[in-house]
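Participant: Structure incoming, see below.
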Amino acid sequence: MVRAALTPPRRIGQGPSRFAVYVPAVTVVLASFLAALPIISTSGWYPDFGYLVFISWRLLRADPWPAWWAAPLGFVNDLFTGYPVGFSIALWSATMLALDLIDRRTMWRDYWIEWVVAAVLIVLDEWLQWRVAKVADGAPPFVAMVPPLVISICVFPAFAWFVSRIDAWRLGR
Amino acid sequence: MATARPGWSRRAQYGLFFSFLAVIAGIIVGLILLALSLVSPESFQTVRGAALDVTAPVSGALHEVTETTEGVFTGAGNYWDAARQNAELKRQNKAMLRRMVEARAIFLENQQLKATLQLRQSERTTIAVGRIVGSSFNSPRRFAILSAGTSQGVAGGMPVRSPDGLVGRIIEAGALASRVLLVSDRANIVPARLLRNGIPVIAQGRGDGTVDVRPLEVGRNPFKPGDIIVSSGTGGLYPPSVPVARVVKLQGDDAIALPLADPATISFAIVEPPFEPAAIAAQPAAADAP
């Protein structure tokens with residue numbers, strides 16, 4: 001018996017919020033918009049907020065948004081963060097596809113597997129960013145990418161928790 | 001689930017198949033756009049400029065808040081008399097160091113002017129003054145957001161400096177804000193010289209807030225910790241005799257230097273026209289890829 005069944009029933013008439021379908025996409029856009037924070041850093045160690053929220057939603061649910069929404073969401077992320085246009089469009093669409101394939105292969109899921117999958121995706125994201133920067137002659141040695149990688153992987157559970165709270169709120173649980 | 005088999009319903013199967021195609025299309029479109037933006041960075045100027053105009057006012061407002069909060073705390077700290085005096089002395093010291101650097105640069109420049117009397121004297125003008133309100137804090141590139149845009153006359157390729165030293169150059173301009181390629185970005189190469197003896201050097205960012213300085217001539221390492229690097233004006237983009245960085249560490253034939261203008265602490269930045277536009281126009285298009 002699941003824990004939810006043990007808790008007393010909530011108010012009658014409480015259901016999913018009216019914009020439940022759009023809430024996940026909106027949170028991703030808001031996370032991308034965090035790039036507007038007045039943080040002036042000379043090291044670039046902050047995580048890619050938009051991507052973290054994106055994979056948090058996708059790992060929590062198989063259908064937080066129609067699969068093709070990944071492209072426009074990525075476009076918004078590119079514009080706000082200043083990545084070369086097209087980078088997040090391609091990466092985020094590919095992430096949707098890759099996670100679909102992983103969903104078919106995995107026998108079970110738990111927090112550790114999700115964290116490992118997220119870590120692999122974050123490593124890919126940072127490595128591709130580094131690779132693209134290298135094409136534009138602007139990449140530091142890859143060693144310089146290790147601290148932001150570790151930071152991103154370590155904060156992922158916080159983002160996953162945050163997204164699960166929002167999910168509970170949007171579905172009126 | 002774009003790849004799972006939903007059952008026997010033809011309609012559901014087609015729906016999934018088309019969403020699968022849509023994702024593939026998304027990847028392909030993304031890759032094409034990425035290639036385009038790497039090959040010709042100017043192609044997305046307008047849309048990126050518009051995005052800057054959306055984000056920069058928010059950053060600017062938040063920046064005000066953090067600055068005020070910081071100001072309250074530093075103000076409280078300054079009630080302690082020793083701290084106040086210390087701050088005052090530091091400020092004076094910094095101002096004097098700045099003046100000294102300028103004076104020595106002018107002295108050096110005068111020597112060169114005397115040597116080549118035909119050199120044309122160009123007048124420095126200020127195009128716009130803005131504040132640094134944000135940065136690319138989640139990217140391996142080093143960009144900053146400046147709160148001045150095309151409405152003030154800012155355009156791509158213009159050098160940006162602060163009273164402390166060189167900040168970088170504009171690579172994208174929106175109507176209200178623009179993106180600055182910082183001196184510490186790896187793609188930013190500043191022709192410079194050693195202030196102490198005028199040896200020509202090249203300053204290239206390292207992507208982590210520091211700058212790598214190399215002498216143009218191979219041989220003995222000419223640097224000493226504490227050396228000031230000033231721009232030389234070669235190439236025609238950056239104006240000459242603007243302080244760039246201070247050497248902190250020697251490394252083989254090179255030296256590692258800290259930019260004198262820290263984007264996090266400078267209160268305002270000045271956009272200037274390119275030093276010698278004619279010289280830049282004569283060169284093949286500079287690699288300004290973001």
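Participant: Evaluate the distance, in nm, between pseudo-label points positioned 7 Å from the Cα of B:Leu89 and of A:Asp103 along their respective Cα→Cβ axes.
Facilitator: 6.6
Participant: Work out, in µm²/s and without decimals, the Stokes-Einstein translational diffusion coefficient of the range A:91-137 at 10 °C, 1.306 mPa s, Rh from Kirkwood over C-alpha pairs. Could the numbers behind the result be given before it?
Facilitator: Values: Rh = 11.9 Å.
Once the numbers are plugged in, D ends up at 133 µm²/s.
Participant: Give the Debye-formula value of log10 I(q)/I(0) at each listed q (0.12, 0.17, 0.18 Å⁻¹), with one equal scatterer per alpha carbon of the range B:51-279, two decimals each.
Facilitator: Here the Debye-derived log intensity ratios amount to -0.71, -1.28, -1.36.
Participant: Mind checking which aspartates and glutamates have their C-alpha under 16 Å from B:Lys249, skipping anything on the same chain fewer than 8 residues away?
Facilitator: List returned: B:Asp208, B:Asp212, B:Asp227.
Participant: For chain B, set up a GNM with springs between Cα atoms under 10 Å and report which of B:Leu31, B:Leu216, B:Leu52 has the largest fluctuation.
Facilitator: B:Leu31
Participant: What angle do you read, to the nearest 10 degrees and between 0 and 90, between the alpha-carbon axis of helix A:23-33 and the longest principal axis of chain A?
Facilitator: The helix A:23-33 is inclined about 30 degrees to chain A.
Participant: Still on this structure, I have one more. Rg/Rh for the range A:17-106 to two decimals, with Rh computed the Kirkwood way over all alpha-carbon pairs.
Facilitator: Working: Rg = 13.6 Å, Rh = 13.6 Å.
Looking at the range A:17-106, the ratio lands at 0.99.
Participant: Over chain B, what is the mean sequence separation of C-alpha contacts under 8 Å (at least six apart), divided by residue count, expressed as relative contact order in percent?
Facilitator: Result for chain B is 17 percent.
Participant: Divide, for the range B:126-254, the radius of gyration over alpha carbons by 2.2 N^0.38 Å, where N is the residue count. Let's see the in-between values first.
Facilitator: Values: Rg = 15.0 Å, N = 129, 2.2 N^0.38 = 13.9 Å.
For the range B:126-254, the normalised Cα radius of gyration comes out at 1.07.
Participant: Using DSSP H assignments, which helices in chain B have an axial alpha-carbon span of 20 Å or above and a mean Kyte-Doolittle hydropathy of 1.0 or higher?
Facilitator: On the way: long enough: B:10-39 (43 Å, 1.87); B:45-77 (45 Å, 0.20); B:81-115 (51 Å, -0.85).
Counting only whole DSSP H runs, the qualifying helices are B:10-39.
Participant: How much net charge surrounds B:Val180 when only the other residues with a Cβ under 11 Å from the Cβ of B:Val180 are counted, with Lys and Arg +1 and Asp and Glu -1?
Facilitator: Details: positive: B:Arg142, B:Arg161, B:Arg169, B:Arg179; negative: B:Glu172, B:Asp185.
Once all neighbours under 11 Å are counted, the net charge is +2.
Participant: Scan the range A:98-173 for chymotrypsin sites (Phe, Trp or Tyr not before Pro) in coil per DSSP, keeping those whose Cβ has at most 15 other Cβ atoms within 10 Å, and list them by number. Before the final figure, lay out each step's value.
Facilitator: Values: sites: A:Trp108, A:Tyr111, A:Trp112, A:Trp115, A:Trp127, A:Trp130, A:Phe142, A:Phe159, A:Trp161, A:Phe162, A:Trp169; in loops: A:Trp108.
Sparse-neighbourhood loop chymotrypsin sites (Phe, Trp or Tyr not before Pro): A:Trp108.
Participant: Near B:Val23, within a Cβ-to-Cβ distance under 15 Å, what is the net charge of the other residues, with Lys and Arg +1 and Asp and Glu -1?
Facilitator: Taking every other residue near B:Val23 into account, the sum is -1.
Participant: Nearest 10 degrees, 0 to 90: what angle lies between the long axis of helix A:49-60 and the longest principal axis of chain A (Cα atoms)?
Facilitator: 40
Participant: Net charge near B:Val218, counting Lys/Arg +1 and Asp/Glu -1 over other residues with Cβ under 12 Å of its Cβ?
Facilitator: Every neighbour counted, the sum reads -1.
Participant: Taking the convex hull of the alpha carbon atoms in the protein assembly as shown, what volume per residue do you get, in Å³? Show your work: numbers first, answer last.
Facilitator: Numbers: hull volume 89.8 nm³, N = 463.
Cα convex hull per residue, to the nearest whole number: 194 Å³.
Participant: To continue, here is another question. Could you give me the radius of gyration and the Dmax of the range A:1-153, taking only the C-alpha atoms into account and expressing both in angstrom?
Facilitator: 17.7, 60
Participant: In addition: Can you give me the angle between helix A:146-170 and the longest principal axis of chain A, using Cα atoms only, in degrees from 0 to 90, rounded to the nearest 10?
Facilitator: 30
Participant: With springs only between Cα atoms under 10 Å apart, run a GNM on chain A and tell me which of A:Ala36, A:Ala118, A:Ala25 wobbles the most.
Facilitator: A:Ala36
The numbers here are math on the coordinates, done by the rules we state, and not lab data. Remember, predicted model here, so these are calculated numbers, not experimental data. All Cβ positions, glycine included, derive from the backbone under ideal geometry; neighbour counts span all protein chains shown.
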